[in-house]
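Worksheet: one structure, shown below.
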Amino acid sequence: MAIWQYKLFAIPEEELKSYFNNVGNMPMEAFDNIEWWKYRTYKSVDFNSLKELSIQESWSKDIKQLGDIDSDCVETIVQEEKIIEIANRIDLRKNYKLMVEYICEFGKHNHLCFLNVEFKVLFSTPEAICKDIRDYKVFEEFKKKLDG
């Protein structure tokens, strides 16, 4: 992942609530050890709100990729139509707010919440995700390099 990208993992909200009643940060072990997508298939997830991202060929046959790997991108790892992981990357070099809106719409439509790279739980609101981007230490460092 490039320094100019902010990454979010998508997980089904109902699964989060079934394992954790009210959580701010999730332990990394929980993210790695819980089968978040066990009740959903790739075909059951609606990607239409991400229509601005074109389908791209991935380096792996198991990754369904929307968008450019070096910019705005949604990567879904799929094995036998079963989702293993959905990762969203937002390019911070450009006006990222539009991509945040697309991702939030995708999250709301599919009843998803998001985890940042520190496993902080974020719900599908542009305000929450934009605030997290502004608080993202790598983003602060990136902005300093751009400005200075």
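Read the figures in this text as sums done on the coordinates, not as results from a lab. For clarity, every value in this text was computed on a predicted model and none was experimentally measured. Neighbour counts are summed over all protein chains in view; Cβ atoms, including those assigned to glycine, are modelled from backbone coordinates with ideal geometry.
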**Asked** Along the charge dipole of segment 5-147, Cβ charges K/R +1 and D/E -1, which of Ala30, Tyr42, Val74 sits furthest on the positive end?
**Response** Val74
**Message:** If I model a spin label at Ser54 and Gln79 as a point 7 Å from the Cα along the Cα→Cβ vector, what separation in nanometres do I get?
**Reply:** 3.1
**Request:** Starting with the highest mean, order 120-127, 28-35, 97-104, 40-47 by the number of other Cβ atoms within 10 Å, averaged over the residues of each peptide.
**Result:** 97-104, 120-127, 40-47, 28-35
**Asked** For a paramagnetic label modelled at 7 Å from the Cα of Asp135 toward its Cβ, which residues of segment 15-50 fall within the zone defined by backbone nitrogen distances under 11 Å?
**Response** 24-25
**Message:** Report the gain in length on full extension from Asn25 to Ala87: 0.36 nm times residue separation, minus Cα-Cα distance, nm rounded to one decimal.
**Reply:** 20.6 nm
**Message:** Considering the Cα positions of segment 5-147, please state its Rg to one decimal place and its Dmax as a whole number of Å.
**Reply:** 14.8, 46
**Message:** Order these by the 10 Å Cβ neighbour count, fewest first: Tyr39, Tyr96.
**Reply:** Tyr39, Tyr96
**Fill in**
To the nearest 0.05, the calculated FRET efficiency linking Asp46 and Ala2 through their beta-carbon distance, R0 being 25 Å, is 0.35
**Message:** Going by Cα centres, segment 44-80 and segment 92-143 are how many Å apart?
**Reply:** 17
**Item:** Given charges at beta-carbon only (K, R positive; D, E negative), |dipole| of the chain in Debye
**Value:** 300
**Request:** Determine the relative contact order of segment 5-147: mean sequence separation of Cα pairs under 8 Å and six or more apart, normalised by residue count, in whole percent.
**Result:** 31
**Segment Lys97-Glu14, extension gain: residue separation times 0.36 nm, minus the distance between their alpha carbons** = 27.3 nm
**Fill in**
Lys and Arg at +1, Asp and Glu at -1: neighbours of Phe106 with Cβ under 14 Å from its Cβ sum to -2
